[in-house]
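Here the structure is laid out as C-alpha cells; the discussion comes afterwards.
Quick note: the coordinates plus some simple rules give every number you see, no bench work behind them. No experiment lies behind these values; they were computed from the predicted model shown. Note: ideal-geometry Cβ built from the backbone for every residue, glycine included; neighbour counts use all protein chains shown.
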Amino acid sequence: MALQNVCDLHNPPLFPQWSAPLSRSFMPEDSTHLSGGGIHGEAFSTRLPGRGSLSPLEFYMPIAEYLTESPINFGQTSLSSAPTKLLEIDHLHPSLPSISLPPPTPFPVSPSVPLPFTLSHGTTTLGFAFQGGVIAAADTRSSCSGLVACPASPKVLPIHSHLVGTTSGTSADCALWKRILARELRLYQLRHRRRLSTGGAAKLLSHMLHPFKGTELCVAATLCGWDGDDEKHEQPITEKHANTPTNQMTASNSSGQSAASGASATCGPRVIYVCSDGLRLQGELFSVGSGSPYAYSILDSSVYWGMSVQEATEVAREAVYRATYRDAYSGNNVDLYHVTAKGWRRRERENLKEEYYREKERERRVIAY
Amino acid sequence: MEYLIGIQGPDFVLVAADNVAASSIIQMKHDYDKMFKLSEKILLLCVGEAGDTVQFAEYIQKNVQLYKMRNGYELSPAAAANFTRKNLADYLRSRTPYHVNLLLAGYDEADGPGLYYMDYLSALAKAPFAAHGYGAFLTLSILDRYYRPDLTREEAVDLLKKCLEELNKRFILNLPSFTVRLIDKDGIHDMEKLPVGPK
C-alpha cells in the first residue's frame, strides 16, 4: 500500500466486478480519499496495461502467440496467420529486442515459428536382442548446442517391469512421452489383467505421437522388452542361431526368417524402434542418435544371437564407448539394462573416462615395447 | 531411395518392392516388407515419408476389411484403388497431407488382373506396368522395350530380374534384396526374395 502511494501505480484490475462502481466516479488526485476506499480506486483503474505508456513497475510479459495455442498446432506453418502474428508483436512493442536464434536442428523446421530454445538431439543409444534377453544401453550426456547441459542424465527409462525404453531426441519430450506410455500400459494391465506386448506398446506410442507429426516434437525411442506371461517359457537356443552371424543379405534369409519366427512366436525378446515422424520398425538390433553410426559399426560385426550375457554386455559397453569417443554430443557415462523373462536388471552406471584412460595406458604400454 | 515395381500379365500381376528401411544415412532394417495385404487378392505397395506410409496404408487396409465385414463381400481392386485415391485427395489440401506413392495390384474375378499407379498428388492410372522411386527412371524404358501383354509368368520374372540388375548396375544406392509377390486367381503367392549379386 505504501509503495502504491509512492509510485502512483495502476495495477491491472484483479476483480473487474469490483472496479466498475468505484472507479467511474473517483478522482485520483483527491488525496483525502486515498486512505480508505481510495486504494481500491487507485488499484482498479480502467486503464489496461499494454497500450500507451507503461509505468516503470508495471511488467507486461510478451507472450509469444504460439505458446498460447494448442500444442498440437505448435510449429505447424499456417500460411496466412503465422506471419501476421509476428508482425503484431513487433508493432506493439517496438522497444523489445528481436530475438535472433541460432540455426536450429538438422530436422526441417517451419521457418515462421522461432524455437524457444535450442533443442538437444545428441546421444548414443542402442538396443539388441539375443538368446539371453535384450540389452539396452545409452550414454548419459544431455547437450544443448555446444553446452553439456547435464552429464548424468538417464536415457534408458524403465516403463514397466519387463519393458525399458531408450530415449533420443528432445529430452523433455522423451521423458514426458515415456511417462504417458507407462501410464497407458499400466491402465491396460489393470483393465485386461495382462501386460501389453512390446509390439502393442510400440503401436500405441506411435499412434499417440502421430498427431504431432510436423511439429517440433522429436522422440526416437527403442522399446526393449520381453513378451510373455509365464517366466517358464524361456526360449531354447537353436543351433542355427548360434552358427550364422547376423548377415541377412545372403540366402540364409529364409533360414533367418523361419528361425526368427520360431523365436518370436508369442513370447521372447523384442526390440522395436519408434520415431515421432511415424516410423515403427521391429528388428533385432537398433541404434539411435548422433553417435549411432559409430555404434552400428561395432555392433554389426560382434552381435549374434547365440552370444552370452557377459559378451553382450561387453559389446554394448564397447559400442557406446566408441561412439562417445568419436561423437562430441555423446559422452560421460554408460547405462546398461538387461531385460529377461524375469524383468529388467540395471548395471551400475560406469564412467567412461576410466575406460578411456585404461585404453590410453594399454596403448602406451604397447608402444613402449 | 525406395523402389516399387509392378508388371501385369494376362492373368496375373507381379509386384516387387525393396526391403530397406532407412533413416537418413543408416539402413535401420534390411528385411522390411512394404506390401500391405488389403484382401485375399489385393496388395497395396506403399513408399514415401516415414510415418505416413504405415499410417495411411494401415488405414486403407482396415477400411477395406471393414467393408467386407459390413457388406459380406470384398471390394474389387478398382474400387479399392478409387477409395484409396479419394482418401489421398481428401487429405491433400488439409493441414496433414499424406506424402505416399502407391501401387495397388489385384485380381478381380470379373475384370481380371489390374495394376493401379497412384502418387502423392492423388493421381490414379491403371497401367500395364509401373514403378516408383528413383529406380523408376532407370527401369521404365526396359519395361517399355520388353513388355508384351501376353507375358508368361517366367517371362515376367525375367523382365523383373532385368530391371533389378539394371538398378544394381547403375543406381547409386545399394538395394540388396527385394520382396517379390504374384497375384492371380488363386490369391497372393510369395516368391523367393531376389538377391541381386554384385556385377
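What's the average, rounded to a whole number, of partner chain beta-carbon atoms within 10 Å of each residue's beta-carbon in B:45-54?
Values: counts 0, 0, 0, 0, 4, 8, 11, 5, 2, 7.
That average works out to 4.
What's the FRET efficiency of A:T266 with B:D190 using the Cβ-Cβ distance as r and R₀ = 25 Å, to the nearest 0.05?
Numbers: r = 23 Å, r/R0 = 0.90.
Working from the Cβ atoms, E equals 0.65.
Sort B:Y134, B:Y67 so the one with the fewest other Cβ atoms within 10 Å of its own Cβ comes first. The partial results should precede the final answer.
Details: B:Y134 14, B:Y67 18.
Neighbour counts put them in this order, fewest first: B:Y134, B:Y67.
Expressed in nm to one decimal, what extension gain is obtained for the pair A:E314 and A:E350 from 0.36 nm per residue of sequence separation less their Cα-Cα distance?
Working: separation 36, 0.36 × 36 = 12.96 nm, distance 1.23 nm.
Extra length from A:E314 to A:E350 when fully extended: 11.7 nm.
Let's test the formula: R0 of 45 Å, r as the Cβ-Cβ distance of B:K169 and B:N63. What FRET efficiency results, to the nearest 0.05?
E(calc), rounded to 0.05, equals 0.65.
With +1 on the Cβ of every Lys and Arg and -1 on the Cβ of every Asp and Glu, and nothing else charged, how large is the dipole of segment B:4-195 about its Cα centre, in debye rounded to the nearest 20?
540
Using the crude model of +1 on Lys and Arg Cβ and -1 on Asp and Glu Cβ, and no other charge, please compute the dipole size for segment B:93-199 relative to its Cα centre, in debye to 20.
Values: 14 positive and 15 negative charges, 127 e Å.
Approximately 600 debye in magnitude.
On a C-alpha basis, how far is the centre of segment A:319-357 from the centre of segment B:42-60 in Å? Whole number, if you could?
So the separation of the two Cα centres works out to 36 Å.
Mind telling me which of B:A156, B:A78, B:A127 comes out most flexible in a GNM of chain B, alpha-carbon contacts under 10 Å?
Ranking B:A156, B:A78, B:A127 by mean-square fluctuation puts B:A127 first.
Compute the length gained on full extension between B:F137 and B:D90: take 0.36 nm times their separation in residues and subtract their Cα-Cα distance, giving the result in nm to one decimal.
On the way: separation 47, 0.36 × 47 = 16.92 nm, distance 2.87 nm.
Between B:F137 and B:D90, full extension yields an extra 14.1 nm.
Kindly state, to the nearest 0.05, the FRET efficiency for A:T340 paired with A:L190, given R0 = 30 Å and r defined as their beta-carbon distance.
Working: r = 24 Å, r/R0 = 0.80.
The computed FRET efficiency comes out at 0.80.
As a quick test, which of the pairs A:K155/B:K34; A:K213/B:K162; A:K203/B:K185; A:K213/B:K86 have an alpha carbon distance above 29 angstrom in this structure? Don't skip to the answer; put the middle values down first.
Values: A:K155/B:K34 31 Å; A:K213/B:K162 39 Å; A:K203/B:K185 33 Å; A:K213/B:K86 22 Å.
Listed pairs above 29 Å: A:K155/B:K34; A:K213/B:K162; A:K203/B:K185.
Rank these for me by crowding, B:L14, B:L151, going from fewest to most other beta carbons within 10 Å.
Details: B:L14 26, B:L151 21.
Least to most surrounded, the residues fall as B:L151, B:L14.
Treat the count of other C-beta atoms within 10 Å as a stand-in for reagent exposure and order B:D119, A:D300 from fewest to most. Don't jump to the answer; show the numbers that get you there.
Values: B:D119 17, A:D300 14.
Ranking B:D119, A:D300 by Cβ neighbours within 10 Å, fewest first, gives A:D300, B:D119.
Select from B:N87, B:N101, B:N19 the residue whose mean-square fluctuation is largest in a Gaussian network model of chain B (Cα-Cα springs shorter than 10 Å).
B:N87
Please give, to one decimal in nm, the separation of the simple spin-label points placed at B:K126 and A:S161, each 7 Å out from Cα toward the Cβ.
So the two model labels end up 5.8 nm from each other.
With each run of n ≥ 4 DSSP H residues scored as -39500 (n - 2.57), what mean residue ellipticity at 222 nm is computed for chain B after dividing by its residue count and rounding to the nearest 500 deg cm²/dmol? Could you put the intermediate results ahead of the total?
On the way: 4 runs with 69 residues, N = 199.
Result for chain B: -11500 deg cm²/dmol, rounded to the nearest 500.
Within 10 Å of each Cβ of A:274-287, how many other protein chain Cβ atoms are there on average? Present the calculation step by step, with values, prior to reporting the outcome.
On the way: counts 1, 4, 2, 5, 8, 11, 5, 7, 2, 6, 1, 2, 4, 2.
The per-residue average across the peptide is 4.
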